[in-house]
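Chemist: Questions regarding the structure given below will be posed in turn.
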Amino acid sequence: MKGLFVLYMVVFAVAFLSVPLAAFTGRAQSAEVVPWTFGAVGVAAVLLGLALVFDVRGSAQAYAGMVKDFKPMGVDYSNSFFARPAYIRAFGGLFAVIGIMFIVAATVYAGRNG
């Protein structure tokens, strides 16, 4: 699970940096980079989201436990619905849906500009 999270963060960081850098180099490079970066972010989001939905290796349980134990700015979320594995699974499902949207957007963008 940590590997999927690190993968998502690395892909997001590379996409966040590569799109503006490609835009500064010229229009042709930007049109080639954008679909790949959006698609990569989408695939990573789908993988991470599905891992949470299906509770791979207890990932939803672990995240719910972290919400219970971590008290940001002194706020106790241990009795909140955010601390339930079902909420974490629903969040993972939404994350996967957003990832699919990124993949579709990348495909449409590549089709129009390629």
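The values are calculated or read from the model by the stated rules, or taken from the named source; none is laboratory data. Keep in mind it's a predicted model, so treat the numbers as computed, not measured. Neighbour counts run over all protein chains shown; Cβ positions are idealised from the backbone, glycine included. The protein model used for the area step is the full one, side chains on, heavy atoms only, and it has no ligands, DNA or RNA in it. Shrake-Rupley method; radii C 1.70, N 1.55, O 1.52, S 1.80 Å.
Chemist: Within the bounds of region 93-103, is there any residue that is more than 26 Å from Ser18 (Cα to Cα) and either surrounded by 15 or more Cβ atoms within 10 Å (Cβ to Cβ) or small (Gly, Ala, Ser) (or both)?
Modeler: Yes, region 93-103 contains at least one residue that is more than 26 Å from Ser18 (Cα to Cα) and either surrounded by 15 or more Cβ atoms within 10 Å (Cβ to Cβ) or small (Gly, Ala, Ser) (or both).
Chemist: With respect to Ala62, is the statement that it is surrounded by 13 or more Cβ atoms within 10 Å (Cβ to Cβ), in contact with a Leu (Cβ under 9 Å, 6 or more places away or on another chain) and modelled with pLDDT of 90 or more true?
Modeler: Details: surrounded by 13 or more Cβ atoms within 10 Å (Cβ to Cβ): yes; in contact with a Leu (Cβ under 9 Å, 6 or more places away or on another chain): no; modelled with pLDDT of 90 or more: yes.
Answer is no for this residue.
Chemist: Then there's this: With Val6, Val41, Val56 as the choices, which residue is in contact (Cβ under 8 Å) with a residue 40 or more places away in the chain, surrounded by fewer than 16 Cβ atoms within 10 Å (Cβ to Cβ) and not charged (D, E, K, R)? Before the answer, list the steps.
Modeler: Values: Val6 fails: in contact (Cβ under 8 Å) with a residue 40 or more places away in the chain; Val41 fails: surrounded by fewer than 16 Cβ atoms within 10 Å (Cβ to Cβ).
Only one candidate qualifies: Val56.
Chemist: When the residues of region 20-32 are narrowed to those that are open to solvent by less than 40 Å² (accessible area, probe 1.4 Å) and under 16 Å from Ala106 (Cβ atoms), which ends up modelled with the highest pLDDT? Reasoning before the result, please.
Modeler: Residues of region 20-32 open to solvent by less than 40 Å² (accessible area, probe 1.4 Å): 22, 26, 30-31.
Going one step further and asking which of them are under 16 Å from Ala106 (Cβ atoms), we end up with 22, 30-31.
Working: Ala22: 73, Ser30: 62, Ala31: 64.
The extreme case among them is Ala22.
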